[in-house]
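The values are calculated or read from the model by the stated rules, or taken from the named source; none is laboratory data. Since the structure is predicted, the reported quantities are computational estimates derived from the model, not experimental observations. All Cβ positions, even for glycine, are placed from backbone atoms using ideal geometry, and neighbour counts span all protein chains on display.
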Amino acid sequence: MSMNINFFRVEVVPHDPNWREVFTTESKQIALALSENLVAVHHIGSTAIPQIHAKPIIDILVEVKDITKVDEQSSAIEALGYEAMGEYGISGRRYFRKHNQAGIRTHHIHTFEVGSQQIERHLAFRDYMIAHPEDAQKYSELKRELAKKYPDNIESYMDGKDGFIKEMDIKAAQWRALQIGR
């Protein structure tokens, strides 16, 4: 009996300035695939935060007018090399992932309908981290420690980040509210 375990090594690497270019190239292809349903494409996650360590996977947040239309458009995303994963544990999301020739994960697309709280949360977190390099460095260090501690266990790695991310989400939301209030 063979078990299909989706194994991947937890690897955290120094920030790579090329990540922005990789995002830009990919975002143009995604924009073409989603055509008139597209509202915006954002670079999120740790690869979008300068000077911090990250798993070398580009996280892309896509805002669309109609999330159900994404299901009809998923073949156009799959044509770019992505695997469609449906909501994948987050209600209202359409999640896609991409691997390179060697089977190593390279990209995630998180698609939400415009107005979703998830969009605001991800953008606030990214912008807060960019504006607060000291918290970004704490996050970087935490990720490096967790990757060392759990090199073969992505679940434990993710669980280890969870408390810090929730704390930063609160700080980011408060910070964002102050920015908007100006």
Inset, instruction - Report yes if Thr47 is within 25 Å of Ala136 (Cβ to Cβ) and among the polar types (S, T, N, Q), otherwise no. - result: yes
Legend entry - Only one of Ser46, Ser35 that is surrounded by fewer than 17 Cβ atoms within 10 Å (Cβ to Cβ) and either among the hydroxyl-bearing types (Ser, Thr, Tyr) or within 11 Å of the chain's Cα centre (by Cα) (or both): Ser35
Legend entry - Selected residue (only one of Tyr128, Tyr95 is of a type in the set (Phe, Trp, Tyr) and within 15 Å of the chain's Cα centre (by Cα)): Tyr95
Legend entry - Qualifying positions in the range 91-140 - among the aliphatic types (A, V, I, L, M), outside any helix (DSSP H, G or I) and at pLDDT 95 or above: Ile109, Val114
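Take the range 167-182 and flag every residue that is among the small types (Gly, Ala, Ser) and outside any helix (DSSP H, G or I).
Here is the first cut: in the range 167-182, the residues among the small types (Gly, Ala, Ser) are 172-173, 177, 181.
Result: no residue meets the conditions.
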Inset, instruction - Only residues that are surrounded by 12 or more Cβ atoms within 10 Å (Cβ to Cβ) and assigned to a helix (DSSP H, G or I): list them for the range 146-166, please. - result: Leu146, Ala147, Lys149, Ile154, Ser156, Tyr157, Met158, Asp159, Gly160, Lys161, Phe164, Ile165
